[in-house]
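J.: Sharing a structure, written as structure tokens. Questions coming.
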Amino acid sequence: MPRPDLTEQRTEQILDAFERCVVKYGLDGSSLEKIGNEAGMKRTILRHYVGNREELILELANRVVEQWNEQLRLLRAAPAGNDPARALIGYLFDDMDGQSADSILVAENLIAAAERYPEVGKLMRQYVEDLTRTISERLKLVHPNSKRPRRWKIAYGIVAILFNDASLVPLGLCSKYNKAAKDCALLLVDTLD
């Protein structure tokens with residue numbers, strides 16, 4: 001009887017351990033040895049399942065972007081409702097209190113490493129472009145006669161506010177600052193009139 005393939009299970013364990021290490025030590029401080037210790041695996045086993053450090057970082061970036069892309073799919077499918085602008089901004093900003101500070105730290109570390117790891121940078125840039133384009137498309141529902149370049153600029157402004165708001169989650173300022181971020185995003189949308 002053949003042994004079961006544990007690749008998927010082990011890879012998830014390793015990526016979970018890597019995320020915990022990034023939160024504790026940052027991306028640069030997360031050595032294969034520390035990740036192996038966190039995962040309860042020898043370094044050789046870790047390398048067997050995910051390869052070298054650069055491959056592991058790319059695998060983590062793929063995982064994070066896939067989670068973000070799932071959120072994008074949900075955004076595209078979200079009903080516009082009676083007030084599409086408020087629905088869009090609510091969808092983007094309302095769960096900020098529920099966001100894990102740890103997941104935000106991991107994402108920020110990956111974004112900061114984009115220049116050193118071109119494939120990671122490519123994934124992060126593509127996501128920001130997809131998010132901006134998706135928001136721009138949703139804004140067209142609210143303002144069908146608006147010019148595309150202006151909608152894109154407004155969409156990018158919303159993305160910038162969203163990322164900044166997310167970066168503040170670890171400070172525990174969410175309620176007060178999250179409302180201000182939402183209000184600013186709505187003000188931007190209103191400039192399309």
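J.: State whether the residues of segment 122-131 include one that is in contact (Cβ under 8 Å) with a residue 40 or more places away in the chain, over 17 Å from the mean Cα position of the chain (by Cα) and closer than 22 Å to Leu75 by Cα.
T.: Scanning segment 122-131 turns up no residue that is in contact (Cβ under 8 Å) with a residue 40 or more places away in the chain, over 17 Å from the mean Cα position of the chain (by Cα) and closer than 22 Å to Leu75 by Cα.
J.: Do you know which residues across segment 161-190 are of a type outside the set (Ser, Thr, Tyr), out of contact with any Phe, Trp or Tyr (no Cβ under 9 Å at 6 or more places or on another chain) and surrounded by 14 or more Cβ atoms within 10 Å (Cβ to Cβ)?
T.: Matches in segment 161-190: Phe163, Ala166, Val169, Pro170, Cys174, Cys184, Leu186, Leu188, Val189.
J.: For the structure I just gave you, tell me whether Leu72 is in contact with an Asp or Glu (Cβ under 7 Å, 6 or more places away or on another chain) and in the same structural domain as Ala112 (by TED's automatic domain parsing).
T.: In short, yes.
J.: Here's a follow-up. Here are some conditions: (1) under 17 Å from the mean Cα position of the chain (by Cα); (2) at pLDDT 85 or above; (3) surrounded by 17 or more Cβ atoms within 10 Å (Cβ to Cβ). Ile104 meets all but one. Which one does it not meet?
T.: Against the list (1) under 17 Å from the mean Cα position of the chain (by Cα); (2) at pLDDT 85 or above; (3) surrounded by 17 or more Cβ atoms within 10 Å (Cβ to Cβ), Ile104 comes up short only on (2).
J.: I've got another one for you. Of these, Gln9, Gln99, which one is in the same structural domain as Asp130 (by TED's automatic domain parsing), of a type in the set (S, T, N, Q) and either at pLDDT below 85 or more than 21 Å from the chain's Cα centre (by Cα) (or both)?
T.: Every option except Gln99 fails the conditions.
J.: Among the helices (runs of 4 or more DSSP H) confined wholly to segment 1-117, which include 2 or more residues that are of a type in the set (Phe, Trp, Tyr)?
T.: 7-29, 84-93
J.: Give me the pairs, please: first residue somewhere in segment 9-35 and among the basic types (Lys, Arg), second residue anywhere and part of a helix (DSSP H, G or I), beta-carbon distance under 7 Å, and either six or more positions apart or on two chains.
T.: Arg10/Tyr49; Arg20/Glu38; Lys34/Cys21; Lys34/Tyr25
J.: Taking segment 1-56, which residues are farther than 26 Å from Gly121 by Cβ and polar (S, T, N, Q)?
T.: Result: Thr7, Gln9, Gln13, Asn37, Thr44.
J.: Read through the list (1) of a type outside the set (A, V, I, L, M); (2) modelled with pLDDT of 95 or more; (3) more than 23 Å from Arg76 (Cβ to Cβ), then give the number of the only condition that Lys179 fails.
T.: (2)
The values are calculated or read from the model by the stated rules, or taken from the named source; none is laboratory data. Everything quoted here is computed from the prediction, not taken from an experiment. Heads up, the Cβs are rebuilt from the backbone with ideal geometry, glycines too, and the neighbour counts pull from every protein chain shown.
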